[in-house]
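Enquirer: Pasting in a structure now, in structure tokens, and then I'll have a few things to ask.
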There are 2 protein chains.
Amino acid sequence: MKTAISNGSATGRLIGVGVGPGDPELLTLKAFRLIKDAAVISYITNDRGLSQAKQIAREALQCAPKNQRHIEIVMPMSTDRTLANRAYDQGAQAIQAILESGNDVVFLCEGDPLFFGSFAYILARIKEKFTCQVVAGITSINAASAALMDPLTLQQETFTVVNGRQSDQLIEQALRHHDTVVIMKAGQARTRILALLKATNRYQDASYLEYIGRENERIVTDLDQLGIEAGPYFSLFIVCRHQRPFFT
Amino acid sequence: MKTAISNGSATGRLIGVGVGPGDPELLTLKAFRLIKDAAVISYITNDRGLSQAKQIAREALQCAPKNQRHIEIVMPMSTDRTLANRAYDQGAQAIQAILESGNDVVFLCEGDPLFFGSFAYILARIKEKFTCQVVAGITSINAASAALMDPLTLQQETFTVVNGRQSDQLIEQALRHHDTVVIMKAGQARTRILALLKATNRYQDASYLEYIGRENERIVTDLDQLGIEAGPYFSLFIVCRHQRPFFT
């Protein structure tokens, strides 16, 4: 951690804060306190100005000072990493200017900041020069497991997380070799994943969830009820053994 | 979910609540509210009457009613599952008596209730007969990643969690085939794990943490500084690639 000094006065800290998967009451006490007390917050928005993280943190933001400053980082909807990297560069520059002025910046992230989170890319651009801190958040995986009331792992079970965008071969290996498998960002790959679940004989073990803890939450435990159309980005499959030898 | 009726009046609900890995401020708002408002709480203690979960939830418990009832489930320190199952049976019976009387029971768990958590064993004994609910908690994995300020996963990286008690072969496979590997409950297996990290050329990628967020927290990023003596139960290794192709 750096404690850089600028113009004789201490610089601010960048604090990445997880706001959890959707339910505003799944913010931690620490996240709530940091967001409501922050002079400056920052978050990613889409190109229509909407931010999931800001929406989830709305109750903390209602308690924040009226002059709280918001640094919005507009992320273009594109698979082109050049555009994403440009947005991160510009966002990091805006944050850095605040830190140099001596103010902290609290960066809001859906879920946990360092678990498939965009905060990692901001942190990488800031951490060599300024003091940083991270406050863990509830992941969509833990919220999904709570909603299903199915243990994610027990005793000697192995557990793995893959991304729905990975190759068929990699997803199939995970399904064959691990007891519990979570497939994140499953929306676009839904049809492909359903076929892989059948091919590996894990179809009966799987549930599908999207927008967990939000108003449009959807939980499907019988995959025959799930259409083959593409689902949203915030969706996942949880695959747990139905027969669990250690579970007595 | 069941909505069983007993003697003409509704029965209570069992609510499993994660209190996070150690920092009392990492309770969620929901956990804090449920614990402070509960007429009856329950938790595991060791045979000296100590409960990690109760200790972590101490600030919520200070706000609880003075006549809040505590159901303690004493867990013997033993690898004999018969003794553990007997403790779960007795605990579930005591909880069931409260639920039948119409009161809710809030069960406190370290970390997340369904991620390597003891709550799974209580839930299995209750869920067919009574309404149950689970509130996710911050896991030690996410807290460890926050403490290290190292992303757990990025984009296409794969992530797996294994238990330090698993076979050398299984741990070695995880280290060879996954980008990020978390080895939980690493204490007793520390020497064995250090050898496996060297054998798989992942020694430089690994950090070791114990009692994250508690007063006796220990974080070791240079494993040469880690002795070969056994560590505590609440300890883990996090192994992340130092060279991350997607991380720009």
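Enquirer: List A:43, B:121, A:203 from most exposed to least, where exposure is judged by having the fewest other Cβ atoms within 10 Å.
Expert: Lowest to highest Cβ neighbour count: A:203, B:121, A:43.
Enquirer: Evaluate 2.2 N^0.38 Å with N set to the residue count of the protein assembly as shown, then give the Cα radius of gyration divided by it.
Expert: Working: Rg = 22.4 Å, N = 496, 2.2 N^0.38 = 23.3 Å.
Scaled against compact globular proteins, the figure is 0.96.
Enquirer: Distances from residue B:165 to the same residue in each other copy, label points 7 Å out along Cα→Cβ, in nm, shortest first?
Expert: Label-point distances to the other copies, shortest first: 3.8 nm.
Enquirer: Strictly over 28 Å apart at the Cα level, which of A:129/B:30; A:129/B:54; A:30/A:127; A:198/B:30; A:54/B:30 would you flag in this model?
Expert: From the list (A:129/B:30; A:129/B:54; A:30/A:127; A:198/B:30; A:54/B:30), the Cα-Cα distance tops 28 Å for A:129/B:30; A:129/B:54; A:198/B:30.
Enquirer: Moving on. To the nearest 500 deg cm²/dmol, what mean residue ellipticity at 222 nm is calculated for chain B from DSSP H runs of n ≥ 4 alone, each contributing -39,500 (n - 2.57), summed and divided by the residues?
Expert: Result for chain B, helices only: -9000 deg cm²/dmol.
Enquirer: Here is a further query. Using the C-alpha atoms of region B:5-135, what convex hull volume per residue, in cubic angstrom, is computed? Walk me through the numbers before you get to the answer.
Expert: On the way: hull volume 13.4 nm³, N = 131.
It is 102 Å³ per residue.
Enquirer: Counting alpha carbon pairs within less than 8 Å and at least 6 residues apart, what relative contact order, in whole percent, applies to region A:5-135?
Expert: Across region A:5-135, relative contact order equals 42 percent.
Enquirer: Whole-Hz Karplus ³J(HN,Hα) for region B:64-71, in order, using 6.51 cos²θ - 1.76 cosθ + 1.60 and θ = phi - 60°, x for Gly and Pro?
Expert: Each residue's phi maps through the Karplus curve to give 7, x, 4, 9, 4, 9, 10, 9 Hz.
Enquirer: How do B:19, B:161 line up, fewest other C-beta atoms within 10 Å first?
Expert: With the fewest neighbours first, B:19, B:161 line up as B:161, B:19.
Enquirer: With 34 Å as the cut-off, how large is the P(r) tail for chain A, expressed as percent of Cα-Cα pairs?
Expert: When every Cα pair of chain A is considered, 25 percent fall beyond 34 Å.
Enquirer: May I ask you to derive the relative contact order of chain A, considering only C-alpha pairs under 8 Å and at least 6 residues apart, and to give it as an integer percent?
Expert: Working: 483 pairs, mean separation 52.8, N = 248.
Reported relative contact order: 21 percent.
Enquirer: How would A:157, A:100 line up from fewest to most surrounding beta-carbon atoms within 10 angstrom?
Expert: With the fewest neighbours first, A:157, A:100 line up as A:100, A:157.
Enquirer: Can I ask one more? Taking Cα atoms, how many degrees apart are the long axis of helix B:168-177 and the longest axis of chain B, rounded to 10 and kept between 0 and 90?
Expert: 70 degrees
Enquirer: With chain A rotated onto chain B, spot the residue of A whose Cβ lies nearest the axis and note the distance in whole Å.
Expert: Closest to the rotation axis on chain A: A:160, 2.
Enquirer: Take the alpha carbon gyration tensor of region A:140-239, find the square roots of its eigenvalues, order them as a ≥ b ≥ c, and report rounded if a/c is under 1.5; if not, report prolate when a/b exceeds b/c, else oblate.
Expert: Cα axes put region A:140-239 in the oblate bin.
Enquirer: Let me ask you something else. Gap in Å between the Cα centre of region B:212-233 and the Cα centre of region A:121-171?
Expert: One Cα centre to the other: 23 Å.
Enquirer: Same structure, new question: Please report, for residue B:82, the nm distances (one decimal) from its label point, 7 Å out from Cα along the beta-carbon direction, to the equivalent points in the remaining copies, shortest first.
Expert: Ordered by distance, the counterparts are at 7.0 nm.
Enquirer: Would you mind telling me which residue in B:67, B:46, B:201 has the biggest mean-square fluctuation in a Gaussian network model of chain B, where springs connect alpha carbons within a distance under 10 angstrom?
Expert: B:67
Enquirer: Could you tell me how many degrees, from 0 to 90 and to the nearest 10, lie between the Cα long axis of helix A:81-100 and the main elongation axis, the longest principal axis, of the Cα atoms of chain A?
Expert: In chain A, helix A:81-100 runs at an angle near 40 degrees to the longest axis.
Enquirer: Tell me the distances, shortest first, between residue A:93 and the same position across the other copies, using label points 7 Å along Cα→Cβ, in nm to one decimal.
Expert: Nearest to farthest, the other copies are at 7.0 nm.
Enquirer: Can I ask one more? Given +1 on the Cβ of Lys and Arg, -1 on the Cβ of Asp and Glu, and no further charges, what dipole in debye does region A:140-239 carry about its Cα centre, rounded to the nearest 20?
Expert: Here the size comes out at about 300 debye.
Enquirer: Next up: For region B:184-247, just list the percent of Cα-Cα distances falling in each 10 Å bin from zero outward, please.
Expert: 21, 54, 21, 4
Any read-out appearing in this document is the output of simple, stated calculations on the displayed coordinates, not a laboratory observation. Quantities reported herein were computed from a predicted structural model and do not represent experimental measurements. In this analysis, Cβ positions are derived from the backbone assuming ideal geometry, glycine residues included, and neighbour counts consider all displayed protein chains.
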